[in-house]
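Visitor: My questions will all concern the structure given below.
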Amino acid sequence: METAYARRLMSTLGAAGLWFAFAASAGGGDGTGVRSDNGRTREIRRFDFEEVDRNPVSFPIDFYRLEDGGFASDPAAARVRGGFPPFGTMGFAADQARSGRWSFKFTLEGGSMGAATTPRCAPIIPGGDYLVTAWVRTEGLRHARARVAATVFDQHRRPIPGSHVTGELLDTRGAWAPVALRVPAREAEAAMLGVELLLLQPDQWSGRTRDRDEPMLEDLSGSVWFDDVAIWHVPRFDVRTTSEPGRGNLIVPPEEPGLLIHVGDLSAEPLTVNVTVVDLFDRIVHQESFEVASGRTDRRIALPGLRYGWYRATIDLNASRDWLGRDVVNFGYLPPGAVIGAAGSQRSTTLGLALDDEPTIDAAAAAARIAAELGCTPVILPAWDAAHNARRPREAFEPLRTAAERISQGGGEVVFALPLVPNDLASTLALRRDDVLALFTTNSESTRPSMERMLFVLGQRVARWQIGATGGQAALWRDDLGVIHDQMHATLARLVPGPIVVYPWSIEYPINSGDPVSAMSMHVPWKIPPAAIGDLLQSWPAGTDITLVIEPLPEGDFTNDDRITDLTLRVLHARRAGAERLVIARPWTRLAETDEPMPEPWLPAWLEVGRRLHGLSFAGEVPLGRGLNCWLFDGPSGPVLAVWNNNATGPDATLAEQLAAGPVTVIDPLGNRRTVPLERGVHRVALEAGRPVFIGGVDSGLARFRQRFALTPDSAPSMQREHRHELVLANPWGTTISGVVRIVEPQHWRFTPTRIPFTIAAGAEARLPFSLSFGPNELAGPKRIEAEIELTSGQRSAFRVSTSFELGAAGLVLEPLWRVMGEPGTSPTDLLITAHVTNTGDQPVSLESFVRAPGYPRMSRSIARLGPGETTIRTFHLAGGATTLAGQSVIVGLTEVDGPLRLNREITLPSRMVNDDSGQGALTRETGVDPRH
């Protein structure tokens with residue numbers, strides 16, 4: 001867990017490359033520190049490792065090595081994490097130094113390494129804020145990472161719970177990098193501050209448990225150097241949002257978004273506070289600065305005009321010449337009604353949260369209260385934590401039980417999880433903390449005392465119990481799952497009415513036929529494309545009790561915009577496949593147990609998408625245009641369209657259809673709304689590539705009418721004759737409809753008859769015969785057939801519908817390619833076009849291939865009796881075409897000799913053609929893709 005202020009400081013300092021004025025003194029290594037205007041130094045203690053000449057041992061003064069079974073600044077964490085063998089060397093090194101001659105070097109030989117200061121070497125004052133700074137250099141690391149941590153101790157050298165702070169994981173690859181940890185010492189018993197210098201293997205830093213068959217990734221070599229480690233006293237500096245306390249920095253109207261800033265300092269020097277707020281896309285939405293006099297200052301910063309979404313506020317504190325620190329707070333601004341009990345709110349969302357990684361049951365209870373307010377369901381909560389034991393009083397579970405009841409009373413579902421083996425049981429039974437399943441292969445008398453008190457309080461109203469941490473896969477590899485299941489079910493059944501045992505699983509691995517598993521929380525890794533979720537779910541037996549655990553795209557590798565788009569698509573595909581239970585883990589960053597959690601960038605979108613789809617089921621696709629996806633979700637609250645641009649460009653990227661008799665509302669995944677009026681019978685909605693939007697206020701009957709509109713057959717050969725087809729119309733309304741249909745697109749095609757009357761009974765279908773024809777120059781490929789529908793019965797209305805249609809040549813494939821000609825390395829002059837023709841039919845065919853290019857006469861080549869399965873190539877040389885045809889279109893076609901077949905393709909040439917080794921390409925209207933790439 002990243003704790004108190006670590007991420008706030010490090011994520012911004014590391015990402016922006018900012019450093020503070022304290023580093024100026026670190027560069028000199030003289031230990032003088034940064035002084036206030038009255039001459040007092042803010043530096044409490046410095047370790048510059050220059051004491052080699054006066055130190056009789058090879059280890060820095062006031063440091064000791066961390067080893068398995070030894071003492072660390074957070075003893076409870078040290079005992080359970082392990083992985084600190086007495087391998088590798090630590091000591092003074094002169095081969096690298098940030099300043100002076102010496103540094104503190106760790107050299108790996110497998111395992112993790114760590115050194116900590118003795119707490120008494122850095123006395124502090126209760127109620128103050130402190131900053132730990134250091135310089136770190138790594139070399140030769142592949143998997144291991146360096147880290148600096150700090151802990152506050154009381155006068156008896158006992159760590160104060162919740163005070164452990166960790167910095168970011170570092171791999172500097174030969175460069176010196178700064179580290180800054182802000183450590184608040186607010187507790188009255190705070191008396192000392194200890195620092196840890198760490199070199200951690202993935203098992204210690206990843207925060208996840210390896211599967212049994214997963215290889216251990218560990219470095220056997222590599223080095224880290226630490227230098228100029230210092231502890232400073234800094235002004236007390238707090239930043240909060242105007243969110244209601246206990247709501248996880250989620251602001252909901254009528255609350256106004258804003259910041260509450262507190263600065264307190266004993267120094268007389270004036271301070272300046274700089275405030276910068278950025279949105280999800282890293283755009284600055286607010287900036288301001290103000291002066292702070294000595295003593296205590298409280299300031300409220302209003303943030304008017306914010307759109308709904310996620311924001312990061314960065315607050316820098318500066319003295320006259322020095323940068324003194326930074327605080328960062330992330331917050332969400334949600335639409336009205338996003339909280340149960342707020343004005344206009346209903347059950348907020350059908351998407352849930354997995355909170356079983358909360359460090360304590362008290363923290364889980366606080367998180368559950370937020371989930372209850374947000375209306376999330378299901379919610380996975382830890383039934384115990386690492387500190388659980390048989391002596392824990394029943395009253396300790398009351399906050400968790402109360403929060404779970406609040407979720408249930410709001411219509412939500414609670415799942416209790418046993419995410420780990422508590423320390424007491426792990427020690428008694430010699431089990432790994434992650435091996436929860438092993439608890440139920442041992443003598444039940446060993447686990448019963450620890451289970452019964454917890455089950456007595458929590459098991460009366462919650463039937464679903466998950467064995468293992470969300471996202472784990474331990475059950476996949478157990479041969480004794482039947483024994484475990486029987487034992488677990490028997491243990492639960494004593495105090496839980498009708499228990500349901502839930503196993504963490506992976507959607508990638510099918511269940512064995514003999515496994516007793518009937519309920520699963522199924523992990524969906526981010527590397528699985530959203531569109532594959534439905535296919536994977538279809539491979540599971542019908543009726544399987546599945547809760548999907550959606551994993552968002554990782555931070556850092558993708559933009560926040562990408563992560564929200566991907567998450568929205570995952571939800572849409574899962575709901576289309578019929579998945580009813582969806583949860584997501586780690587919805588916020590909790591920097592310390594006592595800190596207000598901060599939402600992850602995707603959390604507002606997760607909540608809003610759940611609200612949009614609440615109570616709705618997938619009702620089919622609605623054809624609205626080439627390259628656009630439109631899915632209809634319908635239910636008692638009315639229909640919603642989910643629409644996104646797959647690959648449409650230009651005019652095709654704008655949805656232009658009538659969706660209702662009046663205006664509709666377009667809502668983005670963050671809840672921002674805009675009204676789109678009906679203008680000249682059309683709603684126009686511009687769609688950004690990939691990003692879904694939701695459209696409310698649509699006419700369900702009209703959407704279903706569009707769904708069923710079709711042509712049969714839905715293709716025709718490219719021949720110069722009449723083609724007979726049928727229009728398929730279906731009546732989704734509850735009364736008979738009458739009207740007229742007129743096909744209007746493509747405009748240059750001929751349709752007979754031009755107007756076709758119809759009458760369709762409620763729920764019935766009509767097939768209307770007609771014929772179509774087109775000219776000899778028509779391009780092959782996908783087409784859109786558009787028709788105007790005029791209803792003359794009931795409430796008169798007129799609207800357009802469309803469907804896809806394929807125009808081609810059965811039995812023939814034409815692939816046009818181009819290349820430029822000229823001396824290598826020179827500007828090309830001529831253009832060479834080749835027509836690759838394949839006969840996929842069962843009869844020989846004689847053809848004429850041709851090229852039509854602007855400014856050139858029609859060029860043709862004959863193809864005599866091309867046999868079935870044969871391919872031939874015809875070449876056309878256009879002198880000077882590389883320059884005269886740049887950026888233009890060229891038609892490459894086939895005509896059947898003594899037959900009606902015509903097949904045309906269009907090549908769009910780039911505006912600049914280069915004579916390179918690839919030398920050829922094809923850009924056709926149908927694909928818009930260059931096969932060279």
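Visitor: Identify, from the list Gly671, Gly681, Gly620, the residue that is touching a residue at least 60 places away in the same chain (Cβ under 8 Å) and either open to solvent by less than 10 Å² (accessible area, probe 1.4 Å) or closer than 23 Å to Val583 by Cα (or both).
Guide: On the way: Gly681 fails: either open to solvent by less than 10 Å² (accessible area, probe 1.4 Å) or closer than 23 Å to Val583 by Cα (or both); Gly620 fails: either open to solvent by less than 10 Å² (accessible area, probe 1.4 Å) or closer than 23 Å to Val583 by Cα (or both).
The unique qualifying residue is Gly671.
Visitor: Can you work out which of the residues in the range 844-868 that are touching a Lys or Arg at 6+ places or on another chain (Cβ under 9 Å) and assigned to a loop (DSSP other than H, G, I, E, B) is farthest from Leu901 (Cα to Cα)?
Guide: Applying the filter and picking the extreme gives Arg858.
Visitor: While we're looking at this one, here's another question. Among the residues of the range 657-682, write down those that are assigned to a strand (DSSP E or B) and over 26 Å from Arg307 (Cα atoms). Steps first, please.
Guide: Pass one, the range 657-682, residues assigned to a strand (DSSP E or B): 657, 664-667, 673-676, 679, 682.
Residues satisfying the conditions are Glu657, Glu679, Val682.
Visitor: Has the range 645-667 got any residue that is outside the structural domain of Ala798 (by the TED database), in contact with a Pro (Cβ under 7 Å, 6 or more places away or on another chain) and open to solvent by less than 60 Å² (accessible area, probe 1.4 Å)?
Guide: Checking the range 645-667: not a single residue is outside the structural domain of Ala798 (by the TED database), in contact with a Pro (Cβ under 7 Å, 6 or more places away or on another chain) and open to solvent by less than 60 Å² (accessible area, probe 1.4 Å).
Visitor: Sticking with this one: Inside the range 870-929, can you point out the residues that are at pLDDT 90 or above, part of a strand (DSSP E or B) and either open to solvent by 70 Å² or more (accessible area, probe 1.4 Å) or not assigned by the TED database to the domain that holds Ser846 (or both)?
Guide: Passing the criteria: Thr871, Ile873, His877.
Visitor: From the list Pro604, Pro639, which one is over 23 Å from the mean Cα position of the chain (by Cα) and under 30 Å from Ile370 (Cα atoms)? Break it down stepwise before answering.
Guide: Numbers: Pro604 fails: over 23 Å from the mean Cα position of the chain (by Cα).
Answer to the selection: Pro639.
Visitor: With respect to Phe770, determine if the residue is at pLDDT 90 or above, over 48 Å from the mean Cα position of the chain (by Cα), open to solvent by less than 20 Å² (accessible area, probe 1.4 Å) and within 28 Å of Pro639 (Cβ to Cβ).
Guide: no
Visitor: Select, from Ile511, Ile484, the only residue that is surrounded by 18 or more Cβ atoms within 10 Å (Cβ to Cβ), farther than 16 Å from Ala417 by Cβ and among the β-branched types (Val, Ile, Thr).
Guide: Ile511
Visitor: Within the range 855-870, does at least one residue satisfy the condition of being within 23 Å of Pro776 (Cβ to Cβ) and among the acidic types (Asp, Glu)? Steps first, answer last, please.
Guide: Initially, the range 855-870 is screened for residues within 23 Å of Pro776 (Cβ to Cβ), giving 855-866.
Subsequent filtering for residues that are among the acidic types (Asp, Glu) retains none.
Among the residues of the range 855-870, not one is within 23 Å of Pro776 (Cβ to Cβ) and among the acidic types (Asp, Glu), which makes the answer no.
Visitor: Counting only residues that are in a strand (DSSP E or B) and touching a Ser or Thr at 6+ places or on another chain (Cβ under 8 Å), which one in the range 232-260 is most open to solvent (accessible area, probe 1.4 Å)?
Guide: Taking the range 232-260 as the starting set, the residues that turn out to be in a strand (DSSP E or B) are 232-234, 236-241, 250-251, 258-260.
In the following step, the residues that additionally are touching a Ser or Thr at 6+ places or on another chain (Cβ under 8 Å) were identified as 232, 250-251, 258-260.
On the way: Trp232: 1, Leu250: 1, Ile251: 0, Gly258: 1, Leu259: 0, Leu260: 49 Å².
The qualifying residue most open to solvent (accessible area, probe 1.4 Å) is Leu260.
Visitor: Right, something else. Out of the range 36-69, which residues are touching a strand residue (DSSP E or B) at 6+ places or on another chain (Cβ under 8 Å), modelled with pLDDT under 75 and of a type outside the set (D, E, K, R)?
Guide: Of everything in the range 36-69, just one residue is touching a strand residue (DSSP E or B) at 6+ places or on another chain (Cβ under 8 Å), modelled with pLDDT under 75 and of a type outside the set (D, E, K, R), namely Thr41.
Visitor: Answer yes or no as to whether Thr589 is among the β-branched types (Val, Ile, Thr) and over 25 Å from Gly534 (Cβ atoms).
Guide: Yes: the conditions hold for Thr589.
Visitor: Does any residue of the range 733-751 turn out to be within 15 Å of Ile785 (Cα to Cα), open to solvent by 70 Å² or more (accessible area, probe 1.4 Å), out of contact with any Ser or Thr (no Cβ under 8 Å at 6 or more places or on another chain) and in the same structural domain as Ser797 (by the TED database)?
Guide: Among the residues of the range 733-751, at least one is within 15 Å of Ile785 (Cα to Cα), open to solvent by 70 Å² or more (accessible area, probe 1.4 Å), out of contact with any Ser or Thr (no Cβ under 8 Å at 6 or more places or on another chain) and in the same structural domain as Ser797 (by the TED database), which makes the answer yes.
Visitor: Name every residue in the range 306-324 that is within 21 Å of Val609 (Cβ to Cβ), open to solvent by 30 Å² or more (accessible area, probe 1.4 Å) and either of a type in the set (S, T, N, Q) or part of a strand (DSSP E or B) (or both), in order of residue number.
Guide: Once the filter is applied, which keeps residues that are within 21 Å of Val609 (Cβ to Cβ), open to solvent by 30 Å² or more (accessible area, probe 1.4 Å) and either of a type in the set (S, T, N, Q) or part of a strand (DSSP E or B) (or both), the range 306-324 yields nothing.
Visitor: Taking the range 134-144 as the region of interest, how many residues are open to solvent by 20 Å² or more (accessible area, probe 1.4 Å), in contact with a Pro (Cβ under 9 Å, 6 or more places away or on another chain) and under 9 Å from Val224 (Cβ atoms)?
Guide: Residues meeting the conditions: 0.
Visitor: If you don't mind, another one. Any chance the range 276-285 includes a residue that's among the aromatic types (Phe, Trp, Tyr) and either more than 25 Å from the chain's Cα centre (by Cα) or crowded, with 20+ Cβ neighbours inside 10 Å (or both)? Lay out the reasoning, then the answer.
Guide: Narrowing the range 276-285 to residues among the aromatic types (Phe, Trp, Tyr): 281.
Applying the additional criterion that residues be either more than 25 Å from the chain's Cα centre (by Cα) or crowded, with 20+ Cβ neighbours inside 10 Å (or both) yields none.
No, the conditions are met nowhere in the range 276-285.
The values are calculated or read from the model by the stated rules, or taken from the named source; none is laboratory data. Note that the structure is predicted; figures quoted are calculated from it, not measured. Here Cβ is always computed from backbone atoms with ideal geometry, including for glycine, and neighbour counts include all displayed protein chains. Just so you know, the surface numbers come from the protein's heavy atoms only, side chains and all, with ligands and any DNA or RNA stripped out. Shrake-Rupley method; radii C 1.70, N 1.55, O 1.52, S 1.80 Å.
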